[in-house]
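As structure tokens, the structure follows; a few thoughts come after it.
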Amino acid sequence: MFVTNIYKAGYSPQGNNLRVNKLASDGRFANMAEGDVADCGWAWGSQFADLNNDGALDLFVVNGFVSADPKADYWYDMARVASGVGDVIADAKNWAPMEGRSFSGYERSRVLLNDGQGAFTDVAEAVGVTDLLDGRAVAVADLFHRGASTSSSRTSATGSSFTTVIPIPRMIGCSWSSWPPRATGARSARR
């Protein structure tokens, strides 16, 4: 289970979590997040799927909260409020005004490939997932029986929303840089 901690290096005490069920052996869910998984950014929405058909669940994460002025960051003010006594952070009237600043804005979505042993590598840029939109949710489906397409629903800071479809090729007789994938051999998944 992937759990976001709304993470920003230098401001947040703990990164995002990848909780693995160890109830039978240890009576708990163990946090196995490290590297790219722990440092996944704001991480609004995520979806596990076998993106490269190797039998291991990979992770797609959409990121970003408010993308405004890219040179003005709100994290310092939020960290001051978060470190306040009691329930200071619970009431937005205690927060500093945003004043057009970005708050975890312009964060790239992540495509994290699982090596089958539980370690993940971010391959988003290599597979063409380079958006810097304020992501909110992601759903993975093989829409046309030709490879996995990630349909990512996003909402901007202005409140307008739209959906994009990002093709993520399966590695069945094709490379990550080849789209659409082409079947090899005598049989194809197409009907």
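Values as computed for the structure displayed
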| read-out | value |
| --- | --- |
| Considering residues of the range 92-137 that are in a strand (DSSP E or B) and open to solvent by less than 20 Å² (accessible area, probe 1.4 Å) only, the residue farthest from Val3 (Cα to Cα) | Ser102 |
| Residues being in a loop (DSSP other than H, G, I, E, B) and of a type in the set (Phe, Trp, Tyr) - total across the range 71-91 | 1 |
| So Asn16, is it at positive phi and of a type in the set (S, T, N, Q) | no |
| Hey, Asp73 open to solvent by 30 Å² or more (accessible area, probe 1.4 Å) and among the acidic types (Asp, Glu) or not | yes |
| From the options Asn63, Asn52, residue that is more than 20 Å from Gly116 (Cβ to Cβ) and open to solvent by less than 60 Å² (accessible area, probe 1.4 Å) | Asn63 |
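The values are calculated or read from the model by the stated rules, or taken from the named source; none is laboratory data. Everything quoted here is computed from the prediction, not taken from an experiment. Every residue, glycine as well, gets a Cβ built from its backbone with ideal geometry; the counts of neighbours run over all protein chains shown. We work out accessible area using only protein heavy atoms, side chains counted, and drop any ligands, DNA or RNA first. Shrake-Rupley method; radii C 1.70, N 1.55, O 1.52, S 1.80 Å.
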